[in-house]
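Before any comments, here is the structure.
Read the figures in this text as sums done on the coordinates, not as results from a lab. If you're wondering where the values come from, they're calculated on a predicted model, not measured in any experiment. All Cβ positions, glycine included, derive from the backbone under ideal geometry; neighbour counts span all protein chains shown.
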Amino acid sequence: MNITHPAPIKPLEKALIMYVGLLLVSLLIIFAIEPSIYTTTLWPGWVPTERYPWPVLLFLGALIAFLGMLMYGVLHRWRWLFWPILIAFTGSVIQIPVEGLQLLGVFPNPYPVWYSLFRGGVGFIELGFAFWMVQTYRHQGVWAMGRKPSPMHW
């Protein structure tokens, strides 16, 4: 009888899953405290009649499903998922100075100061993950699973 054991979770995977889980919790907390942030982001200028409009609830549900699938993909080490995550996290290099310029008043800031600071912090964390992912790839391959063997050339 052949019993297979799941491979242990690598530190990068564990940290990404915890990070996405914390993002999910923060999304829900922000929605409970200040739901107008989502309406401002999705539909600038729209003033909802109720506190929790249904289009925002649908968007939040889709976002939760997407992040849940992202966590599942990281846990199961989908090789193709490594690259979009790396590209998205590397894009945070743009978010950090934009948030700073919004806080300084150079760019208009439609959000509360605490939310801008939160987004800037998220940008720094994502950039740190991008550096970690590049280092992991350089030394151990995608998701630290080792390099794929190259085909033999005869």
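Once label points are set 7 Å from the Cα along Cα→Cβ at both Met145 and Lys10, what is their separation, rounded to one decimal in nm?
Taking the two extended label points, one gets 0.9 nm.
Is the range 56-135 rounded, prolate or oblate when judged by the Cα gyration tensor, a ≥ b ≥ c being the square roots of its eigenvalues, rounded requiring a/c under 1.5 and prolate requiring a/b larger than b/c? Mind dumping the intermediate values first?
Values: a/c = 3.14, a/b = 1.45, b/c = 2.16.
Cα axes put the range 56-135 in the oblate bin.
With a ≥ b ≥ c taken as the square roots of the eigenvalues of the C-alpha gyration tensor of the range 1-141, please select rounded if a/c is under 1.5 and otherwise prolate if a/b is larger than b/c or oblate if it is not?
Details: a/c = 2.97, a/b = 1.57, b/c = 1.89.
Oblate shape, in that a/c is at least 1.5 and b/c is the bigger or equal ratio.
Taking the Cα centre of the chain as origin, work out the dipole magnitude from +1 charges on Lys and Arg Cβ and -1 charges on Asp and Glu Cβ, in debye rounded to 20. Provide the component values of the computation, followed by the final result.
Working: 9 positive and 5 negative charges, 137 e Å.
That gives a dipole near 660 debye.
If a helix is a whole DSSP H run, which ones in the chain reach 30 Å or further along their own axis (Cα) and hold a mean Kyte-Doolittle hydropathy of at least 0.5? Walk me through the numbers before you get to the answer.
Working: long enough: 11-33 (32 Å, 2.17); 54-75 (31 Å, 2.16); 113-140 (40 Å, 0.34).
Helices passing the filter in the chain: 11-33, 54-75.
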